[in-house]
């Protein structure tokens with residue numbers, strides 16, 4: 001009854017406006033500049049700029065049309081900061097301090113964005129716990145502490161890791177918003193796709209009319225088919241662990257020059273695996289940019305390793321996201337040699353390497369990246 005009543009009550013003009021959304025923002029410490037509203041995709045499609053606005057005295061308005069809820073990003077002309085959000089309401093109010101890079105600061109005032117923020121804060125907290133335990137184990141091993149104490153800490157780390165995976169799977173299966181559920185899928189690296197054989201198909205029952213969800217399910221089904229068939233994808237060796245030497249490799253940069261990871265020895269290096277078509281990667285890029293600019297004069301650099309297949313799209317994304325460090329790719333997508341060497345099955349993924357080439361941390365995202373760099377680059 002309610003659905004038919006509402007449908008009959010709207011005017012013809014209002015019907016044509018279905019899917020329209022507007023973001024009104026208030027920013028502290030933001031210079032007057034252009035702001036770009038971009039749509040991000042959970043596929044190999046590049047982000048699209050759907051509107052351009054002007055920030056004047058910290059205020060702006062941008063908007064667009066969308067057939068369904070999706071993931072969007074606010075990107076600035078001059079600022080390194082960027083913000084991702086969900087378009088779940090016609091009017092979205094936003095406020096932030098561009099100098100505050102924490103997850104807690106920025107606020108989008110809608111229900112889905114509050115769920116999204118809560119998910120990110122939970123992920124960040126759990127990843128910080130695992131990073132702290134990993135660092136503690138590394139310190140105990142260097143001090144040659146009693147093996148029984150180290151084993152207890154390793155058990156704690158494994159327990160935290162299992163709890164993190166359970167949280168991700170539970171989020172996919174219970175999130176009341178389809179975009180939050182799809183975003184959670186970006187954290188399933190290390191989880192056997194077979195373990196998701198119930199929760200992913202269930203998404204179609206929970207969100208039957210969402211095209212993005214249908215695409216995700218189709219991709220999962222293709223993955224399961226490939227998993228059961230012989231493939232020319234290099235066999236994965238498993239992820240190198242903290243404390244081990246980072247596997248060396250050589251790939252071409254945009255000019256065709258071969259760059260070896262080992263050529264960067266003597267510096268702290270964040271090896272950042274990403275792709276232009278990866279929405280979570282593009283959402284994380286402003287954080288990597290901010291930390292690169294903060295620490296680049298402290299014997300630190302970033303090596304971007306792309307899983308793109310299209311050189312033009314790869315280069316365009318580097319320029320658009322202001323990624324000013326060295327970039328390489330063999331343009332083989334998931335057939336890249338980096339996948340087999342580093343054993344990851346989802347991006348963004350990264351490893352932090354010390355000047356001797358040893359891995360000292362992995363999977364640093366959000367605030368965890370800046371915290372770890374602050375610890376080692378004092």
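The values are calculated or read from the model by the stated rules, or taken from the named source; none is laboratory data. Here the structure is a predicted model, which is why all the values come from computation and not from measurement. All Cβ positions, glycine included, derive from the backbone under ideal geometry; neighbour counts span all protein chains shown.
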Filtering the stretch 78-95 down to residues that are in contact with a helix residue (DSSP H, G or I) (Cβ under 6 Å, 6 or more places away or on another chain) and closer than 13 Å to residue 19 by Cβ yields 88
Selection over the stretch 208-224 where residues are modelled with pLDDT of 85 or more, farther than 16 Å from residue 184 by Cβ and either in a helix (DSSP H, G or I) or in contact with a helix residue (DSSP H, G or I) (Cβ under 6 Å, 6 or more places away or on another chain) (or both) yields a count of 2
Scanning the stretch 225-248 for residues that are surrounded by 15 or more Cβ atoms within 10 Å (Cβ to Cβ), in contact with a helix residue (DSSP H, G or I) (Cβ under 6 Å, 6 or more places away or on another chain) and modelled with pLDDT of 75 or more gives 242, 247
Flagged in the stretch 53-82 as more than 13 Å from residue 31 (Cβ to Cβ) and without any contact (Cβ under 8 Å) to a residue 24 or more places away in the chain, in numbering order, are 53
>> Among the residues in the stretch 260-274, are any modelled with pLDDT under 90 and buried (at least 16 other Cβ atoms within 10 Å of the Cβ)?
In response: no
Scanning the stretch 20-37 for residues that are within 24 Å of the chain's Cα centre (by Cα) and without any contact (Cβ under 8 Å) to a residue 40 or more places away in the chain gives 37
Taking the stretch 180-207 and the residues there that are in contact with a helix residue (DSSP H, G or I) (Cβ under 9 Å, 6 or more places away or on another chain) and assigned to a loop (DSSP other than H, G, I, E, B), the one that is surrounded by the fewest Cβ atoms within 10 Å (Cβ to Cβ) would be 198
Scanning the stretch 158-176 residue by residue, the ones that are buried (at least 20 other Cβ atoms within 10 Å of the Cβ) and in contact (Cβ under 8 Å) with a residue 60 or more places away in the chain total 1
Inside the stretch 325-378, the number of residues satisfying the requirement of being buried (at least 18 other Cβ atoms within 10 Å of the Cβ), in contact with a helix residue (DSSP H, G or I) (Cβ under 8 Å, 6 or more places away or on another chain) and over 24 Å from residue 124 (Cβ atoms) is 3
